[in-house]
1. Shape of the range 53-208 from its Cα gyration tensor (a ≥ b ≥ c, root eigenvalues): rounded if a/c is under 1.5, otherwise prolate when a/b > b/c, or oblate?
2. With axes computed from alpha carbons, what is the tilt in degrees of helix 184-195 against the longest principal axis of the chain, rounded to the nearest 10 within 0 to 90?
3. Can you check what the net charge comes to around Lys347, using other residues whose Cβ is under 14 Å from the Cβ of Lys347 (Lys, Arg +1; Asp, Glu -1)?
4. For the full complex of protein chains and a 1.4 angstrom probe, list Trp52, Trp169, Trp250 by accessible area with the highest value first.
5. Applying a 10 Å radius around every beta-carbon, put 228-234, 181-187 in order of their mean neighbour count, most first.
6. Rounded to a whole number, what % of the accessible area of the chain do carbon and sulfur atoms account for, probe 1.4 Å?
7. Given a Förster radius of 41 Å and the C-beta distance between Ala223 and Phe21 as r, what FRET efficiency does 1/(1 + (r/R0)^6) yield to the nearest 0.05?
8. Per residue, how many Å² of accessible area does the chain show with a 1.4 Å probe?
Amino acid sequence: MPIAKGYAATDASKPLVPFTFERREPNADDVVIEIKFSGICHSDIHQARNEWGNSTFPMVPGHEIAGVVTAVGSKVSKYKLGDRVGVGCFVNSCLHCERDLYREQYMPGLVGTYNSVEVDGVTPTQGGYADSIVVQEDYVLSIPDNIPLDKAAPLLCAGITLYSPLSHWKAGPGKKVAVIGMGGLGHMGVKIGAAMGADVTVLSQSLSKKDDGIAFGAKDYYATSDAETFKKLAGSFDLILCTVSAEIDWNAYLNLLKVDGTMVLLGVPENPVPVHAFALIGGRRSLAGSMIGSIKETQEMLDFCGKHNITPEIEIIDIQDVNEAYERVIKSDVRYRFVIDIASLAKD
Ligand code: NAP
Ligand code: ZN
């Protein structure tokens, strides 16, 4: 079994610590990847701290993985040694999902990159805060030449999670889109939405990141702490993408939709979302949700970002600083995604 070195959560209430573990033996259709960079998604924190109640330990988080192919099985046809590749939120799926892999978004039988079990039903999967990973070739993405690996990593979750609903709800010229929360996901929504030609507005807790938002392509930027925002923008948007996981006043945000507008939940609040019927029925509005995206759509997103030169804003950290980075993400003190330089593992 190949040995991997990384960082793991051993318990929901303890900091991540150095951790050595076995990756599975590569099969003929597997690719072995030397991980160079791994993004920190807020979902890593939710799971490392068991905030969704489904965590298993020890857990090596990380589903924004970018690296280089170091070995391929005899049946691998899509990748060769030295290829620059990515891995996102899932590394396999059930047969039913496999049929849908290239067109559907919702994949009930997918095998998560970590905090999940392999298709054998017993082996735990472990994620990208580590020096290598073994992945079936159909679940590996190709990174465009003009996107550096450190900046590619966050596209594998934050990028696709925003690209998918923007594409599905046809963001483009003439469409008014609002993004709630300008964090890791939100700032990608601004960049991708603007590149699609939509008129993007950021709804942030304060105006402290306004200059950044405008530089990323937003037309407008409003503070949700100001009650005037909700009066001024009532009935304004075709599409609202909510990246916040905190409890907010959903009804107030639904009221910002135009007739037939849609608000899409991307963030995952701990409690059920309380919505009043009047917030929806008045304008034939819809409340929807969206989860990452298919492999086909993820490759489409990477190619779109390559073509339009879209990359996330990142702060590179050593893996030894991962626990401090988690605290900073929780305080919204990140511009705009932490990315772990996996080479720093050598410092331990
Ligand atoms: P993040 O970087 O922490 O961004 C979340 C943003 O929400 C913050 O930057 C902040 O933006 C805003 N926010 C934070 N606390 C708030 C509060 N109390 N009230 C109002 N707004 C608040 O996190 P992320 O990595 O983008 O992930 C966001 C959520 O999406 C998480 O719940 C994550 O698990 C989920 N997620 C879902 C999917 C999916 O497939 N649907 C994929 C990945 C992640 P401002 O400072 O601009 O207000
Ligand atoms: Zn994620």
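1. Details: a/c = 1.78, a/b = 1.63, b/c = 1.09.
In terms of gyration-tensor shape, prolate.
2. The two axes meet at around 70 degrees.
3. Here the count lands on -4.
4. Trp52, Trp169, Trp250
5. Values: 228-234: 13.6, 181-187: 26.7.
Per-residue Cβ counts within 10 Å, averaged per peptide and sorted highest first, yield 181-187, 228-234.
6. Percent of accessible area from carbon and sulfur atoms in the chain: 52.
7. Computed FRET efficiency for Ala223 and Phe21 comes out at 0.35.
8. Accessible surface, normalised per residue, equals 42 Å².
The values are calculated or read from the model by the stated rules, or taken from the named source; none is laboratory data. As the structure is a computational prediction, the values presented were derived from the model and not from experiment. A quick note on method: Cβ atoms are made from the backbone with ideal geometry, for glycine too, and the neighbour counts reach across all protein chains shown. Just the protein is used for accessible areas: all its heavy atoms, side chains included, with ligands, DNA and RNA removed. Shrake-Rupley method; radii C 1.70, N 1.55, O 1.52, S 1.80 Å.
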